[in-house]
Amino acid sequence: MTKEKQTVRPKILLGMGATLLLLLLTLVVYQVDTTEFAIVTQFGNPIRVVESPGLRVKLPDPIQSVQRLDKRVQVYQTTSIELLTLDKKSVSLDYYGTWKITDPVAFLKTVKDKIGAESRLLDVFSSSLGVQLGKYNLDQLVNTNQEQLKLDTILNDTTVYAKERAAEYGIEVVDAQIRVLNFPEANKQSVYDRMSAEREQMAQKYRSEGSEEAAKIRADAEKEQQVILAEAYAQAQQIKGEGDAEAIRIYGEAFQKDPAFYEFIRTLETYEKTIDGNTTLILPSTAEILKYLSGSQN
């Protein structure tokens, strides 16, 4: 029994020593993740910041302790707020902002943790948006004409302004965006009326431009029609003149070949043109036109 007790006792001591060593290691060794800052504080005062991941060593608590801060980009989102535009119109905004810690020591000293940071960011984002919206009229926020909209400019300036204000807390504002832009009930009708008037003005403009273009097309068509008709008339007159000339030439040739027959044909044509069933002629018997009717051809 004595030998067994003597064998067990070193094992117990070894186990106790290993436990104490492990406990001591947990007090002096700590691990840093790639997504975080590790701030080593001595009696509550920051003495160094560890940014790279891995195992590190410190003095045991309570002499030195470790506080961890997330180094990733984080999203801050708030409930609706009401702000005024330059023309004193009230708008309701739901927005969000993205931010990250750039100075862990300043962050720890000023806001301590994420809850404290978001309480400061509420003021930073709200005041930044208020300042920028106060520079523009309502129709520069909501408009059917894309060229008049200034939302991108407002958000860019808001981000710059918020970044300047948040720097003192060890925070970098990355971006600010509007999720919902709405209007209090008292303003909605005036906004709808203005948008309707703008649409009607645009429609009237399109109708006017269409009427002007239609009139221009009609004028061009009428002008082209007159040109075509004039060319056709000139061509017809030319053809007619050529036909008359050809007819005269044929008549001339016929007259030269048989003058008596030609005279006979021409007289018959004259009868046809001047005499019908209702025609009464009173002519002397010696009239040339009657020679074929009287049977005397001398």
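Rundown of residues vs (1) at pLDDT below 85; (2) of a type in the set (A, V, I, L, M, F, W, C); (3) on the phi > 0 side of the Ramachandran plot, yes/no style:
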site: N187; (1), (2), (3): yes, no, no
site: Q201; (1), (2), (3): yes, no, no
site: D220; (1), (2), (3): no, no, no
site: E224; (1), (2), (3): no, no, no
site: L229; (1), (2), (3): no, yes, no
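Note on the range 162-171: among residues that are surrounded by fewer than 20 Cβ atoms within 10 Å (Cβ to Cβ) and not small (G, A, S), the one that is farthest from Y96 (Cα to Cα) is E168.
Listed here are the residues, each with its yes/no results for (1) in the same structural domain as L151 (by TED's automatic domain parsing); (2) at positive phi; (3) of a type in the set (V, I, T).
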position: G44; (1), (2), (3): no, yes, no
position: S52; (1), (2), (3): no, no, no
position: Q64; (1), (2), (3): no, no, no
position: S90; (1), (2), (3): yes, no, no
position: W99; (1), (2), (3): yes, no, no
position: V105; (1), (2), (3): yes, no, yes
position: K109; (1), (2), (3): yes, no, no
position: F125; (1), (2), (3): yes, no, no
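In summary, S126 fulfils each of the numbered conditions (1) within 30 Å of K112 (Cα to Cα); (2) part of a helix (DSSP H, G or I); (3) touching a helix residue (DSSP H, G or I) at 6+ places or on another chain (Cβ under 9 Å) with the single exception of condition (3). Only one of T85, T102, T79 is without any contact (Cβ under 8 Å) to a residue 60 or more places away in the chain and touching a helix residue (DSSP H, G or I) at 6+ places or on another chain (Cβ under 9 Å); which? Every option except T85 fails the conditions.
Against the list (1) modelled with pLDDT of 70 or more; (2) exposed (fewer than 10 other Cβ atoms within 10 Å of the Cβ), the condition D276 fails is (1).
Residues in the range 203-222 that are closer than 27 Å to T144 by Cα and not hydroxyl-bearing (S, T, Y): 9 in all. Being within 30 Å of L138 (Cβ to Cβ), at pLDDT 90 or above and surrounded by 12 or more Cβ atoms within 10 Å (Cβ to Cβ): is that true of F125 here? Yes; evaluated as a whole, the condition is true for this residue.
Scanning the range 138-187 for residues that are within 19 Å of the chain's Cα centre (by Cα), part of a helix (DSSP H, G or I) and closer than 30 Å to L69 by Cα gives L155, N156. Regarding the range 100-115, can at least one residue be identified that is part of a strand (DSSP E or B), more than 23 Å from the chain's Cα centre (by Cα) and closer than 24 Å to T34 by Cβ? Looking through the range 100-115, at least one residue is part of a strand (DSSP E or B), more than 23 Å from the chain's Cα centre (by Cα) and closer than 24 Å to T34 by Cβ.
The values are calculated or read from the model by the stated rules, or taken from the named source; none is laboratory data. Bear in mind the structure is a predicted one, so any value in this text is a computation, not a measurement. All Cβ positions, glycine included, derive from the backbone under ideal geometry; neighbour counts span all protein chains shown.
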